[in-house]
Amino acid sequence: MNEKIARLKKKGVVMTLQRLAVLEFLENSADHPTVDEIYADLKDKYPTLSQATVYTSLQVLKRAGEIQKL
């Protein structure tokens, strides 16, 4: 996880608390979750998180080459 964070920072990605939460969720996920599934899992722990934030975080991670859209 630390290596991914370092790569993202090197690429200029600002690692917000929400992006870290999404990245951690994906790291621990065995399948290919949807935005809704990620949001449902994280919303209680991160009450300021929105579905739009999850979507944006996924887009940032995709552009940085850390995830792929299936």
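Residues considered: Val13, Val54, Val22. Largest GNM mean-square fluctuation over the chain, using C-alpha springs under 10 Å, is found at Val13.
In the chain, helices alone account for a calculated mean residue ellipticity at 222 nm of -17500 deg cm²/dmol, with every DSSP H run of four or more residues adding -39,500 (n - 2.57). If the chain linking Ser29 and Ala52 were pulled fully straight, counting 0.36 nm for each residue of separation and taking away their Cα-Cα distance, it would gain 6.3 nm. Longest span of the chain, sites excluded, free of trypsin sites (Lys or Arg not before Pro) in DSSP loop with at most 10 other C-beta atoms within 10 Å? For trypsin sites (Lys or Arg not before Pro) (loop position, at most 10 other Cβ atoms within 10 Å), the longest site-free span of the chain is 1-44.
To one decimal place, what Kirkwood hydrodynamic radius in Å is obtained for the chain from all pairs of distinct Cα atoms?
After inverting the mean inverse Cα-Cα distance, the result is 12.2 Å.
Only the coordinates and a few stated rules stand behind these numbers; no lab work does. None of these values were measured; they are calculated from a predicted model. FYI the Cβ positions are ideal-geometry reconstructions off the backbone, even for glycines, and counts take in every protein chain you see.
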